[in-house]
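The values are calculated or read from the model by the stated rules, or taken from the named source; none is laboratory data. Note that the structure is a prediction, hence the values are computed from the model and not measured. Here the Cβ is made from the backbone with ideal geometry for all residues, glycine too, and neighbour counts use every protein chain on show. SASA here: full protein model, heavy atoms, side chains in, ligands and nucleic acids out. Shrake-Rupley method; radii C 1.70, N 1.55, O 1.52, S 1.80 Å.
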Amino acid sequence: MKNIGIIGAGRIGSALGKILSDAGHSVKKYDSDPSKSTDDISAVASAADFLFLCVPSWVLKEAAESVKPHFGLKTIVVSLSKGIETTTLKTPYEILKEIFPKKSVVILGGPLIAESIVDGGFGAGVAASESKNSREAVKEIFSGTNVRIETSENPQDVSLSGVLKNIYTTLIGISTGIGMSENAVGFLASESIKEMAGILKSVCGNKDSAFKTECAGDFIATIFSAHSKNMKTGIEMAESGSTQKSEGVSSLVPLIQILGKNSKDFKLLSALAEIIQNKSDPKSEISKLL
């Protein structure tokens, strides 16, 4: 049995808490919303062998800094955030390594839609860390559960993959919302994976993650999910013109800034920027891609 701490008792935090509790681990949760919290933040962090940060990317730094004073000596930090910080242009992995330079940081990516796994449905995660012991330890705590864990030694690749799948899911949501045919959406999905590979190659020097569980697997699961925040955001944007806050929307501009002039090489990304930033007509922009 391991002591599991969860910061952020929303959909995914609660789902993972239930799965790990059912597996025999001791689980404590903290959330900034008192109605969701069951434990004090110091008690959650200080006793944790594994501390899961299940918060949106825009509050990840705040959440990490709030638990830092309470850490146990051997706590492994596990992040599920999938966005880029707008001020620093850093991925969740880069943020956490800066805050916890001497701690083992694991990025948990892949298709882990909370509503699909909470009641025993299959889930697939990728535990990525520079530390082999840490990524294998995360895999071990899920042993015997409905969540299959793969491992990766490339946490930055997996971290960026989660960002990209949210951004490109928003594009697929817009395409769905304007009534594009299934054939068109299928084409745009395949083109999205190609672009994600190109971006990973440009930023990380390696495109392999684009075709693996942490990127393509997560992307496909998300565009098919009725629970996807990023799909819903894209659909509502197409139908009403409103733009809700989501990790995909929030990460678009930072990603373009990271890519610089190379961002123009990615046609789907540029079309999404025209729709979100410049309020261009979604039907016109999407039609240009077909």
In the chain, taking the dipole from +1 charges on Lys and Arg beta carbons and -1 charges on Asp and Glu beta carbons about the Cα centre, the listed residue (Ser242, Leu252, Leu89) farthest towards the positive end is Leu89
Can you list residues from other chains, or at least 5 along the same chain, whose modelled amide H is less than 5 Å from the amide H of Glu150? Gly125, Val126, Ala127
Taking a probe of 1.4 Å, how large is the accessible area per residue of the range 25-174, in Å²? 40 Å²
Along the range 57-63, Karplus-curve 3J(HN,Hα) (6.51, -1.76, 1.60; θ = phi - 60°) to the nearest Hz, with x for Gly and Pro, reads 4, 6, 10, 4, 4, 4, 5
Under 10 Å, Cα contacts only: if you run a Gaussian network model on the chain, which one of Ala128, Ala23, Ala271 comes out with the highest mean-square fluctuation? Ala23
Degrees separating the helix 182-204 axis from the principal Cα axis of the chain, which is the longest one: 60 degrees
Cα-based helix-to-principal-axis angle, 155-177 vs the chain, degrees rounded to 10: 40 degrees
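Please arrange Lys82, Lys68, Lys102 by accessible surface area, largest first, computed with a 1.4 Å probe and ligands excluded.
Largest to smallest exposure gives the sequence Lys102, Lys68, Lys82.
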Give the accessible area for Val163 in Å² (nearest 10); use a 1.4 Å probe, count only protein heavy atoms, and leave out ligands, DNA and RNA. 0 Å²
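Ranked by accessible surface with a 1.4 Å probe, highest first, in what order do Thr151, Thr87 come? Don't skip to the answer; put the middle values down first.
On the way: Thr151 55, Thr87 115 Å².
If we order Thr151, Thr87 from most to least accessible, we get Thr87, Thr151.
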Residue pairs, from the table Lys165/Lys201; Lys61/Lys279; Lys232/Lys279; Lys29/Lys82, whose Cα atoms sit over 22 Å apart: Lys61/Lys279
Can you list the residues, at least 5 places off or on another chain, whose amide H is less than 5 Å from the amide H of Ile76, using H built in the peptide plane? Phe50, Leu51
Phi angles of the range 75-88, converted by Karplus (6.51 cos²θ - 1.76 cosθ + 1.60, θ = phi - 60°) into ³J(HN,Hα) in whole Hz with x for Gly and Pro, give 5, 9, 8, 10, 10, 10, 5, 9, x, 10, 5, 5, 7, 9
What's the center-to-center distance, using Cα atoms, between the range 46-97 and the range 159-222 in Å? 25 Å
Using only the alpha-carbon atoms, how far is helix 247-259 inclined from the longest principal axis of the chain? Give it as 0 to 90 degrees, nearest 10. 70 degrees
Treating the beta-carbon of each Lys and Arg as +1 and of each Asp and Glu as -1, no other charges, what is the dipole magnitude of the chain about its Cα centre, to the nearest 20 debye? 360 debye
Hand me the trypsin sites (Lys or Arg not before Pro) from the range 11-53 located in a DSSP loop with no more than 15 other Cβ atoms within 10 Å, in residue order please. Lys36
